Amino acid sequence: CTRKPELFVDLVNSGDLESRHDQQTYANKLKALKIAEEAELMAKLRDFRCREMLRIAWRDLAGWTELEETLLDLSLLADGCIQYALDFLYLQACELRGTPLLSDGSPQQIVVLGMGKLGAYELNFSSDIDLIFAYPEEGELEDRKATSYSEFFARLCQKLVKVLDEITVDGFVFRTDIRLRPFGDSGAIIMSFEGMENYYLTQAREWERYAMIKARQIAGDFRMGAQLMAMLK
């Protein structure tokens, strides 16, 4: 951020430095980015994150906010960046390979769970984000390779983690940790709802179940996500 003083000038001139942002504010600002391809997504998300981190830090250091608001603001920033990146990458993947469908014929999207500090709206300036991915139903795309939904969504999640976590000349968006998923590093990057239910009923260790106390859905299909959260509860 120190290499881009224009971000601070823009914060002052726009009035954002004195503004409290909520979930919808972040969504609206991200929609205005006008992104065409993945490299541009990575660059602009990093600039956006830098600008908003500067705004949040300034308001915190100036004593304009309470601790709870600062932590909430950081958590909502992460939520917004994850949802925006997921939406972009999902559309890109569907255009390339076709759209995975639910049994009722509607488009199928993944569910992203935020764990730990992110799940509890307690993200701080140095926190990484702990994510778990799931998808509702298995199936196959109608492409030449009959790509399974598990493979389609695994590629989508790998790209999402890359967009958020990879260090470029512009830095990173958020350091991303996906090791809390079922079976940890040795497990698939994403699992179906059925697989998740079986894992947490039969194989998950106690601390993995305890970790779900702070879990919340932060991105993806919130209609189907409600079913997953009810099952986990």
Between the DSSP loop rule and a limit of at most 11 other Cβ atoms within 10 Å, which chymotrypsin sites (Phe, Trp or Tyr not before Pro) in the range 108-171 are left? Phe125
For the chain, what does the helix formula give at 222 nm: sum of -39500 (n - 2.57) over DSSP H segments with n ≥ 4, over the residue count, nearest 500 deg cm²/dmol? -16500 deg cm²/dmol
Give me the distance in nm between label points sitting 7 Å out from Cα along the Cα-to-Cβ direction at Arg223 and Arg175, one decimal. 3.9
Projecting the Cα atoms of Gly114, Ile189, Gln203 onto the charge dipole of the range 97-233, where Lys and Arg contribute +1 and Asp and Glu -1 at Cβ, the residue farthest towards the positive end is Gly114
Among the lysines, which fall within straight-line cross-link reach of Lys31, defined as a Cα-Cα distance under 29 Å, with same-chain neighbours fewer than 8 residues apart omitted? Lys4, Lys44, Lys117, Lys159, Lys162, Lys214
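What is the gain in length, in nm to one decimal, between Ser148 and Gln24 on full extension, counting 0.36 nm per residue of separation less the C-alpha to C-alpha distance?
Result: 41.2 nm gained on full extension.
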By how many degrees, between 0 and 90 and to the nearest 10, does the Cα long axis of helix 67-97 differ from the longest principal axis of the chain? 50
Can you pull the percent of Cα pairs in the range 39-86 with separation above 15 Å? 47
Can you check what the net charge comes to around Ser75, using other residues whose Cβ is under 11 Å from the Cβ of Ser75 (Lys, Arg +1; Asp, Glu -1)? -3
Treat every Asp and Glu Cβ in the range 89-179 as -1 and every Lys and Arg Cβ as +1, leave all other atoms uncharged, and give the resulting dipole magnitude about the Cα centre to the nearest 20 debye. 200
Calculate the spin-label point distance for Ala39 paired with Glu138, positioning each point 7 Å from the Cα along the beta-carbon direction, and give it in nanometres. 3.9
Determine the gain in length on full extension of the stretch Ala188-Gln92; use 0.36 nm per residue of separation and subtract their C-alpha separation, reporting nm with one decimal. 32.3 nm
Out of the DSSP beta bridges found with both residues in the chain, what percent are antiparallel (nearest 5)? 70
Any idea what % of Cα-Cα pairs in the chain are farther than 34 Å? 17
Per the 1/(1 + (r/R0)^6) rule, R0 = 45 Å and r from the Cβ atoms of Tyr200 and Ala57, FRET efficiency to 0.05 is 0.75
Along Cα→Cβ, 7 Å out, is where each label goes; now give me the distance between the ones at Ala120 and Glu68 in nm to one decimal. 1.5
Run the accessible area of the chain with a 1.4 Å probe and give the carbon-and-sulfur part as a rounded percent. 53
Taking the Cα centre of the chain as origin, work out the dipole magnitude from +1 charges on Lys and Arg Cβ and -1 charges on Asp and Glu Cβ, in debye rounded to 20. 240
Solvent-accessible area per residue for the range 1-133 at a 1.4 Å probe radius, Å²? 47
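The values are calculated or read from the model by the stated rules, or taken from the named source; none is laboratory data. Every value quoted in this text rests on a predicted model; they were computed, and no experiment measured them. Neighbour counts run over all protein chains shown; Cβ positions are idealised from the backbone, glycine included. Accessible surface is based on the protein model in full, side chains and every heavy atom, while ligands, DNA and RNA are left aside. Shrake-Rupley method; radii C 1.70, N 1.55, O 1.52, S 1.80 Å.
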